[in-house]
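Please read the structure below before turning to the comments.
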Amino acid sequence: MKTTAPSKASPTASTITLRVNGERHTLPVDHRTTLLDALREHLGLTGAKKGCDQGQCGSCTVLLDGRRTVSCLQLAVAAEGREITTVEGLADGDRLHPVQQAFLDLDGYQCGYCTSGQICSAVAMIEEHAAGWPSAVTEDVGAAEPPPLSPQEIRERMSGNLCRCGAYVAIVEAIALAASGGGTEAAA
Ligand code: FES
């Protein structure tokens, strides 16, 4: 009778190195671990929040190579070699990032659960706008200069970040302030 050697189980974990906020971290992860869980559960960076855990609310937004992404839909193993920036990495020492400062100055939050995602998303969104990326409400997508970052543009471009408290009025005002160069005061 022919016998077959038992097949080796596929490896389900790897040791990876993630570069987060300028620091390298080597950690063992199950291949199914999301970037969000790696940040929160392995590295103790709890700024990115787990809201819906299915990419719909934006509270887990971080920056990957400067572009915003929902970290609950990214596998940690796929983030190796990328530059990951979380809300903890935006400030320059005691000086808050202008978007953080603007949220603080204008109360761009209520409970705060969505705030780190809103801020990371806004940081990248302002750069996308400055680089001339159009949005769904941009009227002249061929214009040489990006359109003004109007409240309508901000609302559309930030539509992937939900706020359960409905603090949208102050959120939009804070982003507009930061985009205009305001909100740059250093934190005390
Ligand atoms: Fe509470 Fe946005 S401030 S969810």
Q. Counting only residues that are aliphatic (A, V, I, L, M) and more than 18 Å from GLY55 (Cβ to Cβ), which one in segment 123-140 is farthest from the ligand (Cβ to nearest atom)?
A. ALA131
Q: Check segment 96-103 and report whether any residue there is more than 25 Å from GLU156 (Cα to Cα), surrounded by 19 or more Cβ atoms within 10 Å (Cβ to Cβ) and at pLDDT 95 or above.
A: yes
Q. Is one or more of the residues making up segment 145-165 more than 16 Å from the ligand (Cβ to nearest atom), surrounded by 14 or more Cβ atoms within 10 Å (Cβ to Cβ) and of a type in the set (Val, Ile, Thr)?
A. no
Q) When you go through GLU173, GLU127, GLU88 one by one, which is the residue that is among the acidic types (Asp, Glu), closer than 19 Å to GLY47 by Cα, part of a helix (DSSP H, G or I) and in contact with a Gly (Cβ under 8 Å, 6 or more places away or on another chain)? A) GLU88
Q. Given the conditions (1) in a loop (DSSP other than H, G, I, E, B); (2) away from the ligand (no atom under 16 Å from the Cβ); (3) within 23 Å of THR17 (Cα to Cα), and given that VAL62 satisfies all but one, which numbered condition is not satisfied?
A. (1)
Q: Out of the residues in segment 166-178 that are touching a residue at least 40 places away in the same chain (Cβ under 8 Å) and more than 16 Å from the ligand (Cβ to nearest atom), state the one that is surrounded by the most Cβ atoms within 10 Å (Cβ to Cβ).
A: ALA178
Q. Can you find a residue in segment 90-107 that is under 17 Å from CYS60 (Cβ atoms) and away from the ligand (no atom under 16 Å from the Cβ)?
A. yes
Q | Matching entry among CYS111, CYS120 (being over 21 Å from ASN21 (Cα atoms) and either within 16 Å of the ligand (Cβ to nearest atom) or not in a loop (DSSP other than H, G, I, E, B) (or both)) | A | CYS111
Q.
Which pairs turn up if I take residues in segment 84-103 that are among the polar types (S, T, N, Q) and look for partners that are assigned to a helix (DSSP H, G or I) with beta carbon separation below 8 Å, at least 6 apart in sequence or on another chain?
A. THR85/CYS120; THR86/LEU39; THR86/SER116; THR86/CYS120; GLN100/VAL87; GLN100/ILE119; GLN101/ALA178
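Listed here are the residues, each with its yes/no results for (1) surrounded by 15 or more Cβ atoms within 10 Å (Cβ to Cβ); (2) closer than 20 Å to ALA124 by Cα; (3) touching a residue at least 40 places away in the same chain (Cβ under 8 Å).
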| position | (1), (2), (3) |
| --- | --- |
| LEU36 | yes, yes, no |
| LEU43 | yes, no, no |
| THR61 | yes, yes, yes |
| GLY66 | no, yes, yes |
| VAL70 | yes, yes, yes |
| GLN74 | yes, yes, yes |
| VAL77 | yes, no, yes |
| ARG82 | yes, yes, yes |
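The values are calculated or read from the model by the stated rules, or taken from the named source; none is laboratory data. Quick caveat: nothing in here was measured; it's all calculated off a predicted structure. FYI the Cβ positions are ideal-geometry reconstructions off the backbone, even for glycines, and counts take in every protein chain you see.
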